[in-house]
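Visitor: Dropping the structure in here first, questions after.
The values are calculated or read from the model by the stated rules, or taken from the named source; none is laboratory data. Here the structure is a predicted model, which means the values were calculated and not measured. Backbone-built Cβ (ideal geometry, glycine too); neighbour counts: all protein chains shown. These accessible areas exclude ligands, DNA and RNA; they are computed on the full protein's heavy atoms, side chains included. Shrake-Rupley method; radii C 1.70, N 1.55, O 1.52, S 1.80 Å.
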Protein chains: 2
Amino acid sequence: MHLSSQALLSLHGFNSDRVSPTLSFPSFSGLKSHSSCKAFTASPRRRVVSTTVRAAAAVETLDQTTEVSLVEKSINTIRFLSIDAVEKANSGHPGLPMGCAPMGHILYDEVMRYNPKNPFWFNRDRFILSAGHGCMLQYALLHLAGYDSVLEEDLKSFRQWGSKTPGHPENFETVGVEVTTGPLGQGIANAVGLALAEKHLAARFNKPDNEIVDHYTYVILGDGCQMEGISNEACSLAGHWGLGKLIAFYDDNHISIDGDTEIAFTESVDQRFEALGWHVIWVKNGNTGYDDIRAAIKEAKAVKDKPTLIKVTTTIGYGSPNKANSYSVHGSALGAKEVDATRKNLGWPFEPFHVPEDVKKHWSRHVPAGAGLEAEWNAKFAEYEKKYKEEAAELKAIISGEFPAGWEKALPTYTPESPADATRNLSQQCLNALVKVLPGLLGGSADLASSNMTLLKSYGDFQKNTPEERNVRFGVREHGMGAICNGIALHSPGFIPYCATFFVFTDYMRAAIRISALCEAGVIYVMTHDSIGLGEDGPTHQPIEHLASFRAMPNILMLRPADGNETAGAYKVAVLNRKRPSILALSRQKLAQLPGTSIEGVEKGGYIISDNSSGNKPDVILIGTGSELEIAAAAAEDLRKEGKAVRVVSFVSWELFDEQSDQYKESVLPASVSARVSIEAGSTFGWGKIVGSQGKAIGIDRFGASAPAGRIYKEFGITKEAVIAAAKEVS
Amino acid sequence: MHLSSQALLSLHGFNSDRVSPTLSFPSFSGLKSHSSCKAFTASPRRRVVSTTVRAAAAVETLDQTTEVSLVEKSINTIRFLSIDAVEKANSGHPGLPMGCAPMGHILYDEVMRYNPKNPFWFNRDRFILSAGHGCMLQYALLHLAGYDSVLEEDLKSFRQWGSKTPGHPENFETVGVEVTTGPLGQGIANAVGLALAEKHLAARFNKPDNEIVDHYTYVILGDGCQMEGISNEACSLAGHWGLGKLIAFYDDNHISIDGDTEIAFTESVDQRFEALGWHVIWVKNGNTGYDDIRAAIKEAKAVKDKPTLIKVTTTIGYGSPNKANSYSVHGSALGAKEVDATRKNLGWPFEPFHVPEDVKKHWSRHVPAGAGLEAEWNAKFAEYEKKYKEEAAELKAIISGEFPAGWEKALPTYTPESPADATRNLSQQCLNALVKVLPGLLGGSADLASSNMTLLKSYGDFQKNTPEERNVRFGVREHGMGAICNGIALHSPGFIPYCATFFVFTDYMRAAIRISALCEAGVIYVMTHDSIGLGEDGPTHQPIEHLASFRAMPNILMLRPADGNETAGAYKVAVLNRKRPSILALSRQKLAQLPGTSIEGVEKGGYIISDNSSGNKPDVILIGTGSELEIAAAAAEDLRKEGKAVRVVSFVSWELFDEQSDQYKESVLPASVSARVSIEAGSTFGWGKIVGSQGKAIGIDRFGASAPAGRIYKEFGITKEAVIAAAKEVS
């Protein structure tokens, strides 16, 4: 397998026009040799701070020495690139970049290992700006580090239509950005997923003589992230799992949008993180205490069995004489006058967007250094591949996202004679079949594994001391679970994370699911107990509006399979769609295996499962999804006995059906047939478009009830009789 | 004002057939006198535990002494009522009630102050079972305490169709249940809201000589609640606010559905709560350490400036010889064999659902005692009313939910000449106008007060030391915010809590919003930045599918006003709808004040704002909502210049329109006019039903983008030109 950087870029959906064609990229395979890196020479020394950046890494460490004056000049460059971009856009958040520039500089210039010309190099350190509003910090750093995705023109078009520098970091817009942040708390949870992925792969693939997987995950999060419940969920898991290579910088600046954090946030964050099992370090002077930041990182790396929170006390808007340390610098441009004052205050004589030559020169070493790091790793991988052929193939599949040929043949199929079963159970059969052929499949449930039926029987639990295993126990933390899975998915293209809870509890994790859709993370959401069919638990547990709510969400597949073949089809679709998440709505209750269902049908979203009409002119079309498809089928049988020409359509995924040709759509739902009845145990919202003004949508437009499922179906009129009556009414 | 218990029941939506007509209820006003309570006599003493239940309350304390053997018999009654009900239903969660029966007994029998025959007595202690799956615990306690809502027949119809004992506690089904729980973590956050409400009212209305507001809020939460992020959000606020009268029992049983909590939950809960500013007590033997539980409650009450977490270590399924302390007892019936074994093990010779006579007799005192407590309070209120007339009137309004006549006249109105403004600003004008006439209006934002425009200018911040104020600072905790508001709303019918964030972040709080809708809490959700119109922040911040997702949700009003009059109308509707929540989607950007808009129009959900057609036969109907209504109006003007007969309809609330008469609906959207164009800067999902198969829905079925708003509108085709083109196409 040969994956060039361009190929990787294109795999990630980017066109390669931003990849300088004159540069020779290290290929994934390591078969090409690269000139050895000469970039480690230090700048001329005057007052020099020596920082050993990688204490005991698997590969050679970067030993970095830089003059303090140059460090400060670099930090001020970051500050002013941010100030200038926000000023030009007259929109954005200058406060965080100004306060966090020191830690940003140290991370990207001294600590992190990456290859600017191949931002997808597998073994790179990951950086997540969880406080995504401060994205100019990251854009400035990517620019200085030599990423082609953020050129000067991009900084100048910050927050403009079509730019590579949107208002919050978006991995699908800006190469070098790992995940999509902005909604607070998501980034730190993504980072937990990235660190989980690293720990898992390291445990699974590293050998005593070759630690082929070995990187850190760094995060900057702010007060806002800390207040969000999702961060507590994810950080509790990070502590539980002992993710030692997760290092989070907490930008402790005491200011949020509404003012001093004193008004709403007086808890002891340090103590809470200690309670969560983290190592906690406090850097009291994050504004100029460069050595303290460096020492904290060194200490964090030395603690291998716990994640580390480095609380860095900073001044928001540092350098602005009149706005620093106030909420006014959080989310608005400084204004020309204050920009001038800040330039004077920090002794910055340069014009907007200027990067001083010495700063430019200093940072320029990252291009060859990064190429060297990747080359070194490629050589190491070549060694690994020679010695550990099988493991190397698996790891490659995870890195590249290429599935073994014919993987889909592992999916089970069923006949109408196969025993009736709940689709949650059929889902488990699929998961256990797929895990044998998909090395990147792993996941679990939010404390409902035995209800969601998500356990991989041939694997144990991913835990602190068994991270090579593939059953992840998320606890009752749906929101954190979703965001962690986003992180896993975005770690490497071959990861296929799945996660599970009751369908109704997608409400708890909706913000993370939306980010899956937006950031193109192909997470599989295994959502069981998908209707009133769950029975006695009652309306708090019975989804009603959820199908509609996800059908309205962009770039996500909402799948509601009706039986075994459709469940297998749903998994086929979900696995193939690596750039959009899939939600599988699955039944708690047993469902018959229906004649006419198929994997191929599911791939079309909507298809005919039975029909006794001719000439594409049925008297009536009955449309069902999931557990109600068998009701539609039973109603059709009765109607046919009465001489009606009835078509039954399974409408398993509206999105997929929508993507079919007009011709195909007409063959399933001919425009001339207005006699249509849909049945689905959920909100009828949206069905109007499918059944048309002459048709009838049978559904539930109220909350559910606590009773045995059969009784609720009957009381709510989700019955064969109702379908027959409606069919007669409309046809 | 005279509010009988029946009136209160009916106010709460219950019919009074469960209120024994022979009993004379203490009225709210305290004008009726009641026989003094004689129920404080102790049972015959043998081995007696004396527990002072209320150390320093404003009214006389209950001093309780009960034989240990009777205590244990009562506790076992609770256990077996739970076991038997789950067994009969063959569905439910026996484990928690068996483990928590001791704390349940002590709370309801010895500690809490309530009136079983008037469960809505204002000054009652509130109890929330945050671990709602264990609802049989609460049903058993309500039954023993003499609530008419849970009779023996109700216990026997646990989880059956139409019963008063659904699968999780539902305030709208079972009188005596304060809130609706089941979705984990919600209950503890509701409890924070209830305790906030008490602290606020106490600070606002109590006088040195008359502490008319004075009750505790008790919660039982389990490991599941603890893992959910929402509980950390709410508990961080509870600590910040110093809610000293909030006492939470953490059922520390080490078991969740997936097994031992060791697999996913190893943080130190004690330390975390200390970090959050709580007082923490550990009762090591929650199974039989009755005195320890009592002592813990006493200690908790003595700590007045902090909420208290009492960690009670229990055995899940206590008493079951083969299933206790295992996940198998969490969520399934024990099975006949194990029920027998448990009966033997705990020495329980009785038939199912039996309450031993001495237990019955012991609990029977709560009916007269409760009546006495209420009578005492009523007398106290009469005193209060004499001395503090104005305050008494305000407090009454909050207790009764009766608004001052003509309150709606306070709402501002606008003319087309009024300056263009963002509906978020117009919303602030409404809030500040309403707060002068609605004593129960209070609320705030999740750290976006200055963006959501939610500050009440005549009030300060509700804080630990200024709890009488009405601006609540929730911090960046949307989910907790929603659930806290549910608690406030359900504390007293006159509370009108509002809360705010960006509309897209309803995703963070959707589970709480759904509970608002389900539990009939009339929370007002002030959701600003409601479309791509927010501009540069980009797709993470731009709602697309959100309008559709709430239109599909039962019992909630989704309102998207277009200008000042419509914003005022939206508030009128929201305030009047005390039994369903309202979401107001408001613009960041300025909008023109449109001719033809009105408060009355909003009340109808959809209405004509301009029309040059006659005979209810326009050539085309243009339908808009919110910020796009002015685009529809502008398009209509152009089309009319070309000679078209054009009707413009504001479709501000689909739900309200749906509730109008067929005649009215026909007058707005005549069936004969199929030429319809809708425009809304959001998903077109659902619009198909409104515009019909001949019409056209202009909207956005992709994620947004980061750029100035005007540019995005243009690029996405949300323009006058697009409406005109579509109108020509369809007409």
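Visitor: Could you please give the count of residues in segment A:261-284 that are part of a loop (DSSP other than H, G, I, E, B) and at the interface with chain B (Cβ under 8 Å from one of its Cβ atoms)?
Guide: Total meeting the criteria: 7.
Visitor: Determine whether A:Ser650 is touching a residue at least 60 places away in the same chain (Cβ under 8 Å), within 35 Å of the chain's Cα centre (by Cα) and surrounded by 24 or more Cβ atoms within 10 Å (Cβ to Cβ).
Guide: yes
Visitor: Can you list residue pairs whose Cβ atoms sit under 6 Å apart, with the first residue in segment A:541-570 being at positive phi and the second being outside any helix (DSSP H, G or I) and of a type in the set (D, E, K, R)? Count only pairs 6 or more apart in sequence or on different chains.
Guide: If the second residue must be outside any helix (DSSP H, G or I) and of a type in the set (D, E, K, R), the pairs left are A:Asn555/A:Arg580.
Visitor: Among the residues of segment A:608-616, is there at least one that is over 12 Å from A:Val646 (Cβ atoms) and touching a Pro at 6+ places or on another chain (Cβ under 9 Å)?
Guide: Yes, segment A:608-616 contains at least one residue that is over 12 Å from A:Val646 (Cβ atoms) and touching a Pro at 6+ places or on another chain (Cβ under 9 Å).
Visitor: Considering only segment B:441-467, state which residues are closer than 27 Å to B:Asn577 by Cβ, more than 10 Å from chain A (Cβ to nearest Cβ) and open to solvent by 10 Å² or more (accessible area, probe 1.4 Å).
Guide: Passing the criteria: B:Met453, B:Lys457, B:Ser458, B:Tyr459.
Visitor: Same structure again: Please count how many residues of segment B:118-150 are under 19 Å from B:Ala101 (Cα atoms) and in contact (Cβ under 8 Å) with a residue 60 or more places away in the chain.
Guide: 16
Visitor: Facing another protein chain (nearest Cβ under 9 Å) and among the small types (Gly, Ala, Ser): does that describe B:Ala722?
Guide: no
Visitor: Kindly list the number of the only condition in (1) of a type in the set (D, E, K, R); (2) over 19 Å from B:Met136 (Cα atoms); (3) touching a residue at least 24 places away in the same chain (Cβ under 8 Å) that fails for B:Arg343.
Guide: Failed condition: (2).
Visitor: State whether the residues of segment A:329-351 include one that is open to solvent by less than 30 Å² (accessible area, probe 1.4 Å) and either touching a strand residue (DSSP E or B) at 6+ places or on another chain (Cβ under 7 Å) or within 28 Å of A:Gln463 (Cβ to Cβ) (or both).
Guide: Scanning segment A:329-351 turns up at least one residue that is open to solvent by less than 30 Å² (accessible area, probe 1.4 Å) and either touching a strand residue (DSSP E or B) at 6+ places or on another chain (Cβ under 7 Å) or within 28 Å of A:Gln463 (Cβ to Cβ) (or both).
Visitor: Name the helices (runs of 4 or more DSSP H) wholly inside segment B:362-448 in which the number of residues that are over 20 Å from B:Ala562 (Cα atoms) is 2 or more.
Guide: Hits in segment B:362-448: B:366-387, B:389-400.
Visitor: Can you spot a residue in segment A:194-205 that is more than 9 Å from chain B (Cβ to nearest Cβ), of a type outside the set (Asp, Glu) and assigned to a loop (DSSP other than H, G, I, E, B)?
Guide: no
Visitor: Please enumerate the residues belonging to segment A:302-315 that are more than 24 Å from A:Ser256 (Cα to Cα) and open to solvent by 10 Å² or more (accessible area, probe 1.4 Å).
Guide: Answer for segment A:302-315, where residues must be more than 24 Å from A:Ser256 (Cα to Cα) and open to solvent by 10 Å² or more (accessible area, probe 1.4 Å): A:Ala302, A:Val303, A:Lys304, A:Asp305, A:Lys306.
So that you can scan it fast, the table gives a plain yes or no per residue for (1) open to solvent by 20 Å² or more (accessible area, probe 1.4 Å); (2) outside any loop (DSSP other than H, G, I, E, B); (3) not charged (D, E, K, R):
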| residue | (1), (2), (3) |
| --- | --- |
| B:Lys617 | yes, no, no |
| B:Ile621 | no, yes, yes |
| B:Ala634 | yes, yes, yes |
| B:Lys644 | yes, no, no |
| B:Pro670 | no, no, yes |
| B:Tyr713 | yes, yes, yes |
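Visitor: Also, quick follow-up: Give the residue, chosen from B:Ile293, B:Ile220, that is touching a residue at least 24 places away in the same chain (Cβ under 8 Å), over 21 Å from the mean Cα position of the chain (by Cα), surrounded by 22 or more Cβ atoms within 10 Å (Cβ to Cβ) and more than 14 Å from chain A (Cβ to nearest Cβ).
Guide: B:Ile293
Visitor: I've got another one for you. With respect to A:Arg580, determine if the residue is under 26 Å from A:Val435 (Cβ atoms), surrounded by fewer than 24 Cβ atoms within 10 Å (Cβ to Cβ) and in contact (Cβ under 8 Å) with a residue 60 or more places away in the chain.
Guide: In short, yes.
Visitor: For segment A:485-502, indicate whether the set of residues that are more than 26 Å from A:Ser400 (Cα to Cα), within 13 Å of another protein chain (Cβ to nearest Cβ) and either in contact (Cβ under 8 Å) with a residue 12 or more places away in the chain or in a helix (DSSP H, G or I) (or both) is non-empty.
Guide: Yes - at least one qualifying residue is present in segment A:485-502.
Visitor: Here's a check for you: in segment B:66-78, which residue that is open to solvent by less than 10 Å² (accessible area, probe 1.4 Å) and assigned to a helix (DSSP H, G or I) is farthest from the other protein chains (Cβ to nearest Cβ)?
Guide: To start, the set of residues in segment B:66-78 that are open to solvent by less than 10 Å² (accessible area, probe 1.4 Å) comprises B:66, B:71, B:74-75, B:77-78.
Imposing the further condition that a residue be assigned to a helix (DSSP H, G or I) reduces the set to B:71, B:74-75, B:77-78.
Values: B:Val71: 31, B:Ser74: 27, B:Ile75: 26, B:Thr77: 23, B:Ile78: 21 Å.
Within segment B:66-78, the match that is farthest from the other protein chains (Cβ to nearest Cβ) is B:Val71.
Visitor: Would you point out the residue of segment B:236-260, among those that are crowded, with 24+ Cβ neighbours inside 10 Å and at the interface with another protein chain (Cβ under 9 Å from one of its Cβ atoms), that is farthest from A:Val476 (Cα to Cα)?
Guide: B:Gly239
Visitor: OK, next. Quick one: count up the residues across segment B:623-632 that are outside any helix (DSSP H, G or I) and among the aliphatic types (A, V, I, L, M).
Guide: 1
Visitor: With the requirement that a residue be more than 17 Å from B:Asn287 (Cα to Cα) and buried (at least 24 other Cβ atoms within 10 Å of the Cβ), what does segment B:87-112 give you?
Guide: Within segment B:87-112, B:Gly92, B:His93, B:Val111 qualify.
Visitor: A further question follows. Report yes if A:Tyr327 is under 29 Å from B:Arg477 (Cα atoms) and at pLDDT below 95, otherwise no.
Guide: Judged against the criteria, A:Tyr327 is a match.
Visitor: Could you list all residues from segment A:165-193 that are closer than 14 Å to A:Tyr147 by Cβ and touching a residue at least 24 places away in the same chain (Cβ under 8 Å)?
Guide: Hits for segment A:165-193 are A:Thr165, A:Pro169, A:Asn171, A:Thr174, A:Val175, A:Gly176, A:Val177, A:Glu178.
Visitor: Quick check on segment B:529-572: of everything there that is assigned to a helix (DSSP H, G or I) and open to solvent by 10 Å² or more (accessible area, probe 1.4 Å), which residue is nearest to the other protein chains (Cβ to nearest Cβ)?
Guide: Among those that are assigned to a helix (DSSP H, G or I) and open to solvent by 10 Å² or more (accessible area, probe 1.4 Å), it is B:Arg551.
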